[in-house]
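Chemist: Just passing along the structure, written as structure tokens.
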Amino acid sequence: MKRLAILASGSGSNAEQIALHFETGDIARVALIITNNPTAGVIERAHRLAIPVKVCKKADFSDPAGVEKMLRDEQIDFVVLAGFLLLVPENLIRAYHGRIVNIHPALLPQFGGKGFYGSRVHQAVIESGSLISGITVHHVNEKFDEGSIIFQAACAIDKTDTPESLATKIHELEYKYFPVVVEKALGNS
Ligand code: GRF
């Protein structure tokens, strides 16, 4: 049984979907959720799901005695970023090389990189006149949204779509695919 950690900064609806996906069976369990945001919705979700949750300061993520130690102490095999807004520091990437994945709410390599997060991504996609958007699951390296792509799925953008309605479509894709893509990536790790 693999032990997963999820890093999240916001509502945590993807974190919850992943936790529920692995709740039964013997593939994996979400053993730890870590957030950098003391008011993140993911904290309440973690309590409800009875998953240990830690709130860490930005500096803790790059401190080998901080988050890295926490992950090792909890014998975490694989790390999933689900709406995590900080750049993952080098020490964590080294410690979990090939074992950290992220989800991005657009079709990379477009609409990614620093500053492209949350509704800003959807706003930019709509302003570009693109007829499609989608999700990208990718390995994490030391640059925002640049690791190798594992999986993408697309949805149509209608003329009437707003950043909010597009976000809803993207979330639907995320809930449908992210947990199964994580399961596959785990199997390959
Ligand atoms: C998701 O759309 C994810 O792709 C992006 O941030 C959003 C997080 O949503 N990186 P939630 O916190 O999982 O509800």
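Quick note: the coordinates plus some simple rules give every number you see, no bench work behind them. Note that the structure is predicted; figures quoted are calculated from it, not measured. All Cβ positions, glycine included, derive from the backbone under ideal geometry; neighbour counts span all protein chains shown.
Condition check ((1) within 15 Å of the ligand (Cβ to nearest atom); (2) among the basic types (Lys, Arg); (3) within 25 Å of residue 76 (Cα to Cα)) across all residues:
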{"residue": "111", "(1), (2), (3)": "yes, no, no"}
{"residue": "128", "(1), (2), (3)": "no, no, no"}
{"residue": "134", "(1), (2), (3)": "yes, no, no"}
{"residue": "140", "(1), (2), (3)": "yes, no, yes"}
{"residue": "157", "(1), (2), (3)": "no, no, no"}
{"residue": "164", "(1), (2), (3)": "yes, no, no"}
{"residue": "181", "(1), (2), (3)": "yes, no, yes"}
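Chemist: Here is a further query. If residue 162 meets every condition in (1) surrounded by fewer than 16 Cβ atoms within 10 Å (Cβ to Cβ); (2) of a type in the set (Val, Ile, Thr); (3) in contact with a Leu (Cβ under 6 Å, 6 or more places away or on another chain) apart from one, which number is that one?
Modeler: Exception for residue 162: condition (3).
Residue by residue, here is whether (1) more than 15 Å from residue 174 (Cβ to Cβ); (2) buried (at least 18 other Cβ atoms within 10 Å of the Cβ); (3) aromatic (Phe, Trp, Tyr); (4) touching a His at 6+ places or on another chain (Cβ under 8 Å) holds:
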{"position": "20", "(1), (2), (3), (4)": "no, no, no, no"}
{"position": "44", "(1), (2), (3), (4)": "yes, no, no, no"}
{"position": "47", "(1), (2), (3), (4)": "yes, no, no, no"}
{"position": "55", "(1), (2), (3), (4)": "yes, no, no, no"}
{"position": "61", "(1), (2), (3), (4)": "yes, yes, yes, no"}
{"position": "77", "(1), (2), (3), (4)": "yes, no, no, no"}
{"position": "81", "(1), (2), (3), (4)": "no, yes, no, no"}
{"position": "91", "(1), (2), (3), (4)": "yes, no, no, no"}
{"position": "97", "(1), (2), (3), (4)": "yes, no, no, no"}
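Chemist: Give the range 112-143 a look and list any residue that's within 26 Å of residue 62 (Cα to Cα) and surrounded by 14 or more Cβ atoms within 10 Å (Cβ to Cβ), or say none.
Modeler: Result: 112, 113, 116, 117, 118, 136, 137, 138, 139, 140, 141.
Chemist: Is there a residue being part of a strand (DSSP E or B) and in contact with a helix residue (DSSP H, G or I) (Cβ under 8 Å, 6 or more places away or on another chain) anywhere in the range 155-165?
Modeler: yes
Chemist: Restricting to the range 78-102, name every residue that is aliphatic (A, V, I, L, M) and either in contact with an Asp or Glu (Cβ under 6 Å, 6 or more places away or on another chain) or more than 16 Å from the ligand (Cβ to nearest atom) (or both).
Modeler: 92, 93, 95
Chemist: Could you go through the range 4-21 and let me know if any residue there is away from the ligand (no atom under 16 Å from the Cβ) and either under 27 Å from residue 113 (Cα atoms) or in a loop (DSSP other than H, G, I, E, B) (or both).
Modeler: No, the range 4-21 has no match at all.
Chemist: Residue pairs, Cβ under 6 Å, 6 or more apart or interchain, first in the range 26-43 and under 17 Å from residue 74 (Cβ atoms), second charged (D, E, K, R) and not in a loop (DSSP other than H, G, I, E, B). List them.
Modeler: Qualifying pairs under 6 Å: 28/2; 31/3; 34/54.
Chemist: Continuing with this model, one more query. So, residue 57, is that one without any contact (Cβ under 8 Å) to a residue 12 or more places away in the chain and more than 13 Å from the chain's Cα centre (by Cα) or not?
Modeler: When the stated conditions are applied, residue 57 does not pass them.
Chemist: Still on this model: Return the residue satisfying two criteria in turn: it lies in the range 40-54 and is outside any helix (DSSP H, G or I) and within 14 Å of the ligand (Cβ to nearest atom), and of such residues it is nearest to residue 14 (Cα to Cα). Break it down stepwise before answering.
Modeler: Narrowing the range 40-54 to residues outside any helix (DSSP H, G or I): 40, 50-54.
From what is left, the residues that are within 14 Å of the ligand (Cβ to nearest atom) are 40, 53.
Values: 40: 13, 53: 15 Å.
So the residue we want is 40.
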